[in-house]
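Colleague: This is the structure I have questions about; it appears just below.
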Amino acid sequence: MEKIHVSCVQFAYKPINTFDDFAKNVKNLLNDTKGSQFVLFPETFTLELQYLIPNYNLTRIPEFTAQYVELFTELSRKNQQYIIAGSHLVIENEKEYNISYLFCPDGNIFKHRKTHLFPLESQMGVTPGDELVIFETEFGKIAIIICYEMEFPEVARTLTLKGAEIVFCPSYTVGEHAFWRVRHSCQARAIENQVFIVHSCMVGTAPLGGIEGWGRSSIISPCEPPWNPNGIIIEAEENKEMVISAVLDLKLLHRKRKRGAAPTLKDRRPEIYDM
């Protein structure tokens, strides 16, 4: 398929009393994504489930993994959408990982373990993943880059050279400076690699405060006509829970890679780079 419909959820912390409250809000947000083949949620948006844990104990978030997987497996099948369900803290083999799940309409589930950890994650004892994988779908080749990973050009370049056309970036940035680091990185990676990037932000203040999510989700293109001059196809309002959607033309993307005004991917000279 040449034209792909994608949606990006900007998710906000809010008090909840049960897992069903969380699930109901997710379903309501998905109602605004009808017609999209892909939907992206933010990084560790399941931290909202702190409200269900005594003393808001973050170390117990992995206890919700089974419910989280069941919920999004059902929603992906029901809505016939690929859902990149943000990311979630998971215990595997007695190690904790920050994992982004790709839920597929046919019931398949794929994972990307965050490879480059923000210092706070390392301090929390999270373990880095060590694989960069492309996911092939009937609509195109996609990749997942979680927040801080986007600040490392090698990650996006590796995935592009493996075939990525759309990169989904679930993100949770604490404060405005952190947001702009990731946002500017997303735009740079889109230009360097001539890929579309979907950047989803977690916003709002956690139950105990101190980790305010700041963001303005966006869907990004290379800086080439006929896309907008600034490379922003669409963006959300600042720090407000909402959904944004766009149509991405993969045929046009490949045409620009070959004959665009700035075909950066084609014009690479790896033979002179000292890696």
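The values are calculated or read from the model by the stated rules, or taken from the named source; none is laboratory data. Keep in mind that this is a model prediction, so the values were computed, not measured. When we count neighbours, we look across all protein chains shown, and the Cβ atoms used for this are built from the backbone with ideal geometry, even at glycine. The accessibility values were calculated without ligands, DNA or RNA, using every heavy atom of the protein model including side chains. Shrake-Rupley method; radii C 1.70, N 1.55, O 1.52, S 1.80 Å.
Colleague: Hey, any hits in the stretch 160-167 for a residue that's closer than 24 Å to Phe103 by Cα, in a strand (DSSP E or B) and touching a residue at least 60 places away in the same chain (Cβ under 8 Å)?
Modeller: Checking the stretch 160-167: at least one residue is closer than 24 Å to Phe103 by Cα, in a strand (DSSP E or B) and touching a residue at least 60 places away in the same chain (Cβ under 8 Å).
Colleague: Going through the stretch 133-155 one residue at a time, which ones are part of a strand (DSSP E or B), out of contact with any helix residue (DSSP H, G or I) (no Cβ under 8 Å at 6 or more places or on another chain) and buried (at least 24 other Cβ atoms within 10 Å of the Cβ)? Step through it out loud before you land on a result.
Modeller: Our first condition is that a residue be part of a strand (DSSP E or B); within the stretch 133-155, this holds for 135-137, 140-144.
Okay, now just the ones that are also out of contact with any helix residue (DSSP H, G or I) (no Cβ under 8 Å at 6 or more places or on another chain), so 135-137, 141-142, 144.
Answer for the stretch 133-155, where residues must be part of a strand (DSSP E or B), out of contact with any helix residue (DSSP H, G or I) (no Cβ under 8 Å at 6 or more places or on another chain) and buried (at least 24 other Cβ atoms within 10 Å of the Cβ): Ile142, Ile144.
Colleague: Tally up the residues in the stretch 80-89 that are in contact with a Ser or Thr (Cβ under 9 Å, 6 or more places away or on another chain) and surrounded by fewer than 20 Cβ atoms within 10 Å (Cβ to Cβ), please.
Modeller: Step one: filter the stretch 80-89 for residues in contact with a Ser or Thr (Cβ under 9 Å, 6 or more places away or on another chain), giving 81-89.
Next cut, surrounded by fewer than 20 Cβ atoms within 10 Å (Cβ to Cβ) only: none.
Qualifying residue count for the region: 0.
Colleague: Got a sec? Which of Glu63, Glu2, Glu96, Glu92 is open to solvent by 20 Å² or more (accessible area, probe 1.4 Å), under 18 Å from Tyr172 (Cβ atoms) and of a type in the set (Asp, Glu)? Outline the logic, then answer.
Modeller: Numbers: Glu63 fails: under 18 Å from Tyr172 (Cβ atoms); Glu2 fails: under 18 Å from Tyr172 (Cβ atoms); Glu92 fails: under 18 Å from Tyr172 (Cβ atoms).
Exactly one residue qualifies, and that residue is Glu96.
Colleague: Next up: Based on what the data block shows, is Cys223 within 24 Å of Leu120 (Cα to Cα), within 23 Å of the chain's Cα centre (by Cα) and of a type in the set (A, V, I, L, M, F, W, C)? I'd like the intermediate steps shown before the answer.
Modeller: Values: within 24 Å of Leu120 (Cα to Cα): no; within 23 Å of the chain's Cα centre (by Cα): yes; of a type in the set (A, V, I, L, M, F, W, C): yes.
Considered against the rule, which asks whether it is within 24 Å of Leu120 (Cα to Cα), within 23 Å of the chain's Cα centre (by Cα) and of a type in the set (A, V, I, L, M, F, W, C), Cys223 comes out as no.
Colleague: Further question: Given Glu149, Glu48, which one is under 20 Å from Ser217 (Cα atoms) and touching a His at 6+ places or on another chain (Cβ under 8 Å)?
Modeller: Being under 20 Å from Ser217 (Cα atoms) and touching a His at 6+ places or on another chain (Cβ under 8 Å) holds for just one of Glu149, Glu48, which is Glu149.
Colleague: Moving on to the next point. Can you tell me which of Ile84, Ile53 is free of Cβ contacts under 8 Å to residues at least 40 places away in the same chain and of a type in the set (Val, Ile, Thr)?
Modeller: Numbers: Ile84 fails: free of Cβ contacts under 8 Å to residues at least 40 places away in the same chain.
From the options Ile84, Ile53, the qualifying one is Ile53.
Colleague: Does Leu30 satisfy the criteria of being farther than 20 Å from Leu102 by Cβ and without any contact (Cβ under 8 Å) to a residue 60 or more places away in the chain? I'd like the intermediate steps shown before the answer.
Modeller: Numbers: farther than 20 Å from Leu102 by Cβ: no; without any contact (Cβ under 8 Å) to a residue 60 or more places away in the chain: yes.
No: the conditions fail for Leu30.
Colleague: Within the stretch 168-182, identify whether any single residue is open to solvent by less than 10 Å² (accessible area, probe 1.4 Å) and either modelled with pLDDT under 95 or more than 20 Å from Val9 (Cα to Cα) (or both), and answer yes or no.
Modeller: No, the conditions are met nowhere in the stretch 168-182.
Colleague: Checking the conditions here, which among Thr205, Thr158 is open to solvent by 10 Å² or more (accessible area, probe 1.4 Å) and in contact with an Asp or Glu (Cβ under 7 Å, 6 or more places away or on another chain)? Walk me through it before giving the result.
Modeller: Values: Thr158 fails: in contact with an Asp or Glu (Cβ under 7 Å, 6 or more places away or on another chain).
Checking each option against the conditions leaves just Thr205.
Colleague: Right, another one. Taking only pairs six or more apart or across chains, which ones have beta-carbon atoms under 8 Å, a first residue in the stretch 102-122 that is over 19 Å from Phe41 (Cβ atoms), and a second residue that is modelled with pLDDT of 95 or more and loosely packed, with under 13 Cβ neighbours inside 10 Å?
Modeller: As it stands, the answer is Thr115/Asp130; Thr115/Glu131, since those pairs meet every condition given.
Colleague: I need a count of the residues in the stretch 6-27 that are in contact (Cβ under 8 Å) with a residue 40 or more places away in the chain, crowded, with 17+ Cβ neighbours inside 10 Å and in contact with a Leu (Cβ under 8 Å, 6 or more places away or on another chain). Before you say what the answer is, go through the steps one by one.
Modeller: Step one: of the stretch 6-27, the residues in contact (Cβ under 8 Å) with a residue 40 or more places away in the chain are 6-15, 19, 23, 26-27.
Of the ones still in play, those that are also crowded, with 17+ Cβ neighbours inside 10 Å are 6-13, 23, 26.
Within this subset, residues satisfying the condition of being in contact with a Leu (Cβ under 8 Å, 6 or more places away or on another chain) are 6-9, 11, 13, 23, 26.
Looking only at that region, the number is 8.
Colleague: Quick test of your reading of the structure: Ser218 fulfils all but one of (1) farther than 20 Å from Ala164 by Cα; (2) of a type in the set (Ser, Thr, Tyr); (3) open to solvent by less than 40 Å² (accessible area, probe 1.4 Å). Name the failing condition by number.
Modeller: If we test Ser218 against (1) farther than 20 Å from Ala164 by Cα; (2) of a type in the set (Ser, Thr, Tyr); (3) open to solvent by less than 40 Å² (accessible area, probe 1.4 Å), just (1) comes out false.
Colleague: Do we have Ser200 as touching a residue at least 60 places away in the same chain (Cβ under 8 Å) and open to solvent by 10 Å² or more (accessible area, probe 1.4 Å) here?
Modeller: Working: touching a residue at least 60 places away in the same chain (Cβ under 8 Å): yes; open to solvent by 10 Å² or more (accessible area, probe 1.4 Å): no.
Taking the combined requirement at face value, the residue does not satisfy it.
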